[in-house]
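Peer 1: Please see the structure below; I have some questions.
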Amino acid sequence: WDNADFSRGVGTTFYQEFSTLNRAKPLFVRDVEEKVRRYLRSSYSAAWTLKITWEKAPVHTAWTDTRKTITYQAVLTTDGFRSYILMLYQDGGMQWDYTRLTSTNVLIGYT
C-alpha cells in the first residue's frame, strides 16, 4: 500500500458493510467465507464483513501523473471471535510507476 492522492478529482473510495447475523448472506459474503475456509482449511461463518474499494486511485502526489491508477480492495470479516482481511488487487497489479515513489522497495500484499 502507498499513499493515494484524490485531490485532483481522479478516483474515489467507497465501502459496503454486510451485517449477516440472523440474515441471509449475500453472494459476496458467501464468497469471502469460502476463501477463508479454503485458504485456512477451517470452518468459518461470517457475522460481519466490510468491503472497502479504492477505485482508479492515483499515486501520491497526483500532480505527477493522474493517468496511471490502480483499483484495490480490503475486505475485513469476523465471526465475532476470529477476524481476517483479504487484500484484492485489480488484474494486472500495480499500475503506478514504482520507480518514482518515495520508497522503491514496493510489495503488493503484506509481510
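Peer 1: Which residues, counting only those in the stretch 76-88, are closer than 13 Å to Ile52 by Cβ and touching a Phe, Trp or Tyr at 6+ places or on another chain (Cβ under 8 Å)?
Peer 2: Scanning the stretch 76-88 gives Leu76, Thr77, Met87, Leu88.
Peer 1: Check the stretch 28-44 and report whether any residue there is among the polar types (S, T, N, Q) and touching a Ser or Thr at 6+ places or on another chain (Cβ under 9 Å).
Peer 2: no
Peer 1: Hey, another quick one. Just the residues that are open to solvent by 70 Å² or more (accessible area, probe 1.4 Å) and closer than 27 Å to Ile70 by Cβ, please, taken from the stretch 10-29.
Peer 2: Scanning the stretch 10-29 gives Phe14, Tyr15, Gln16, Glu17, Leu27.
Peer 1: Residue under question is Thr66, and the condition is that it be touching a residue at least 24 places away in the same chain (Cβ under 8 Å), open to solvent by 30 Å² or more (accessible area, probe 1.4 Å) and in contact with an Asp or Glu (Cβ under 6 Å, 6 or more places away or on another chain); does it hold?
Peer 2: Judged against the criteria, Thr66 is not a match.
The values are calculated or read from the model by the stated rules, or taken from the named source; none is laboratory data. As the structure is a computational prediction, the values presented were derived from the model and not from experiment. All Cβ positions, glycine included, derive from the backbone under ideal geometry; neighbour counts span all protein chains shown. Accessible surface is based on the protein model in full, side chains and every heavy atom, while ligands, DNA and RNA are left aside. Shrake-Rupley method; radii C 1.70, N 1.55, O 1.52, S 1.80 Å.
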